[in-house]
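The structure under discussion appears below in the form of structure tokens.
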Amino acid sequence: MYIPHICLIILISCFSKVLTITEEDEGVKYANNCEVCKILAIELESRLEETGKTSEVIETGYEVDDVKPKKKKEYKKSELRLVESLEGVCDRILEYNIHKEREDSTRFAKGMSQTFQTLHGLVDKGVKVELGIPYELWDKPSVEVTNMKTQCETLLEQNEGDIENWYFNHQGKESLKKYLCEDRALKGQDSSCLKETLKGDKGEAKRKSKKDEL
């Protein structure tokens with residue numbers, strides 16, 4: 001009579017144990033809200049810097065029997081530039097890697113980590129290295145990075161109005177990290193990661209400097 005209830009309790013207990021095997025047990029540490037906003041701000045400002053170098057003038061509006069001419073506007077001040085800059089901005093996160101030798105937000109960075117530089121170096125020397133994943137997947141985006149791309153898309157959707165307001169009214173006066181992340185998206189949350197910067201050499205540059213010393 002009570003067997004179904006006992007089975008249910010056992011299943012719930014087992015399921016709970018499965019749920020506890022998440023980030024720490026699997027060596028995975030997903031980005032927090034601060035890290036996601038920081039990377040989004042960095043990449044969007046970088047993209048805007050790329051698209052803002054032109055002096056192109058565009059025409060907007062519609063002509064009605066050639067009576068009402070189109071309006072001319074600088075591309076770098078246009079809504080079109082914002083739209084084009086936002087398009088695919090979160091895809092740029094897939095260029096990042098996890099640098100597990102670092103513990104703060106700088107663990108998310110472009111370029112190969114020191115760990116994988118060392119492992120690739122061993123493979124090049126003929127050493128057999130087993131990581132539990134095929135060699136051809138070593139340089140693919142990690143689960144933390146692909147998850148951060150999804151987090152970025154959610155954050156972008158939730159704060160599109162604030163980003164637009166910054167673009168038209170505060171760009172050049174205040175950084176996006178300050179305006180969007182610190183003052184809005186992370187208001188009341190931990191925003192300490194926004195001040196974290198990489199200290200010392202990193203990645204390939206560090207490896208080369210050691211080699212040069214030898």
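The values are calculated or read from the model by the stated rules, or taken from the named source; none is laboratory data. Since this is a predicted model, take the numbers as computed values, not measurements. Cβ sites come from the backbone with ideal geometry, for glycine too, and all protein chains shown count toward neighbours. Just the protein is used for accessible areas: all its heavy atoms, side chains included, with ligands, DNA and RNA removed. Shrake-Rupley method; radii C 1.70, N 1.55, O 1.52, S 1.80 Å.
Laid out as a table, the results:
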quantity: Any chance E101 is modelled with pLDDT under 90 and either of a type in the set (V, I, T) or part of a helix (DSSP H, G or I) (or both); calculated: no
quantity: Hits in the stretch 161-177 - residues which are of a type in the set (G, A, S) and without any contact (Cβ under 8 Å) to a residue 60 or more places away in the chain; calculated: G161, G172
quantity: Given (1) exposed (fewer than 11 other Cβ atoms within 10 Å of the Cβ); (2) of a type in the set (G, A, S); (3) at pLDDT 65 or above, index of the condition S13 fails; calculated: (3)
quantity: Per-region count, the stretch 16-68, residues at pLDDT 85 or above and either polar (S, T, N, Q) or open to solvent by 40 Å² or more (accessible area, probe 1.4 Å) (or both); calculated: 11
quantity: Qualifying positions in the stretch 156-208 - at pLDDT below 95, assigned to a helix (DSSP H, G or I) and of a type in the set (A, V, I, L, M, F, W, C); calculated: A205
quantity: Selected residue (criterion: surrounded by the fewest Cβ atoms within 10 Å (Cβ to Cβ)) from residues of the stretch 127-152 that are basic (K, R) and modelled with pLDDT under 90; calculated: K128
